[in-house]
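What follows is one structure encoded as structure tokens, with my remarks underneath.
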Amino acid sequence: MGSQPELRILFSQEEIETAVKRLAAEIKGDYQDKYPLLLGILKGSFMFMADLIRQLDFPLEVEFVRLSSYGGKKESLGRVKVVQGLHTEVEDRNVLVIEDIVDTGLTTSFLLDYLGKKKPASLKLCALTDKPSRRQVPVNIDYLGFTVPNKFIVGYGIDWDEKFRHLPHICFVEIED
Ligand code: PRP
């Protein structure tokens, strides 16, 4: 068999829950009277989105797009593929993009550029994690959970070759031969 990943916890379930509550409070303060459209980027954001919106007790809409940037287990292909596009109007809406991780920035930059051309009333980004050491294009994150080191992370929606999305905490991967 090939190399097996060893996982070490970076952020526990409890730490994630605290961060999600903090982000929800910030978002509520800014959006509670704005009927925002929360737009999740699949697949990675599904768990974060589900937990975040349960903390938001005001009217909002939920939508998803599915984008893919990674070619294999660990490396980005350097381009973004639209697997499932946008099926709702965003003109004059207050749009908040929900992302699990901003890595090179290509995925969020691509989506924010696309949405910006559709004349939303406002357009912001909420990311659970940010890995600034890997950035290739600048991205402004309006609501951020955690800054992460330059390690490959999995769990809480984030995969390694489609595995480990179900983990309730965020781990980093150590490759052992
Ligand atoms: C991952 C992650 C982000 C993106 C971040 O998605 O969920 O969407 O990569 O990387 P970037 O900043 O370098 O673009 P991926 O393309 O692996 O698809 P997935 O969400 O279906 O796992």
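The values are calculated or read from the model by the stated rules, or taken from the named source; none is laboratory data. It should be emphasised that the depicted structure is a prediction, and the values quoted were computed from it without experimental measurement. In this analysis, Cβ positions are derived from the backbone assuming ideal geometry, glycine residues included, and neighbour counts consider all displayed protein chains.
State yes or no: is Lys124 of a type in the set (D, E, K, R) and either at pLDDT below 95 or in a loop (DSSP other than H, G, I, E, B) (or both)? No, not satisfied. Does at least one position in region 35-53 carry a residue that is under 24 Å from Glu162 (Cα atoms) and surrounded by fewer than 16 Cβ atoms within 10 Å (Cβ to Cβ)? There is at least one residue in region 35-53 that is under 24 Å from Glu162 (Cα atoms) and surrounded by fewer than 16 Cβ atoms within 10 Å (Cβ to Cβ).
Counting only residues that are within 23 Å of Glu26 (Cα to Cα) and either away from the ligand (no atom under 14 Å from the Cβ) or not polar (S, T, N, Q) (or both), how many does region 106-137 have?
At the first step, the residues of region 106-137 found to be within 23 Å of Glu26 (Cα to Cα) are 108-109, 111-112, 115-116, 120-132.
Retained after the next criterion (residues that are either away from the ligand (no atom under 14 Å from the Cβ) or not polar (S, T, N, Q) (or both)): 111-112, 115-116, 120-128, 130-132.
Total meeting the criteria: 16.
Of the listed requirements (1) in contact with a strand residue (DSSP E or B) (Cβ under 9 Å, 6 or more places away or on another chain); (2) within 27 Å of Gln32 (Cβ to Cβ); (3) part of a loop (DSSP other than H, G, I, E, B), His166 misses just one: (2).
For the structure I just gave you, tell me whether Val90 is in a loop (DSSP other than H, G, I, E, B), in contact with a Pro (Cβ under 9 Å, 6 or more places away or on another chain) and surrounded by 14 or more Cβ atoms within 10 Å (Cβ to Cβ). Working first, answer last.
On the way: in a loop (DSSP other than H, G, I, E, B): yes; in contact with a Pro (Cβ under 9 Å, 6 or more places away or on another chain): yes; surrounded by 14 or more Cβ atoms within 10 Å (Cβ to Cβ): yes.
So Val90 passes the test.
If you go through region 121-155 and keep only what is in contact with a Ser or Thr (Cβ under 9 Å, 6 or more places away or on another chain), under 15 Å from Glu99 (Cα atoms) and either of a type in the set (A, V, I, L, M) or buried (at least 19 other Cβ atoms within 10 Å of the Cβ) (or both), you end up with Leu125, Ala127, Leu128, Thr129, Asp130, Lys131, Val139, Ile141, Leu144, Gly145, Val148, Ile153.
If the condition is being touching an Asp or Glu at 6+ places or on another chain (Cβ under 6 Å) and not in a loop (DSSP other than H, G, I, E, B), then region 5-52 contributes Glu6, Val20, Leu37, Leu39, Ile41, Phe48.
Close contacts from region 129-140, counting a first residue that is within 14 Å of Leu112 (Cβ to Cβ) and without any contact (Cβ under 8 Å) to a residue 12 or more places away in the chain and a second that is within 8 Å of the ligand (Cβ to nearest atom) and in a loop (DSSP other than H, G, I, E, B), with Cβ to Cβ under 7 Å and a gap of 6+ residues or different chains, come to none at all.
With Ile53, Ile41 as the choices, which residue is under 14 Å from the mean Cα position of the chain (by Cα) and free of Cβ contacts under 8 Å to residues at least 24 places away in the same chain? Break it down into steps so the answer makes sense when it comes.
Numbers: Ile41 fails: free of Cβ contacts under 8 Å to residues at least 24 places away in the same chain.
Only one candidate qualifies: Ile53.
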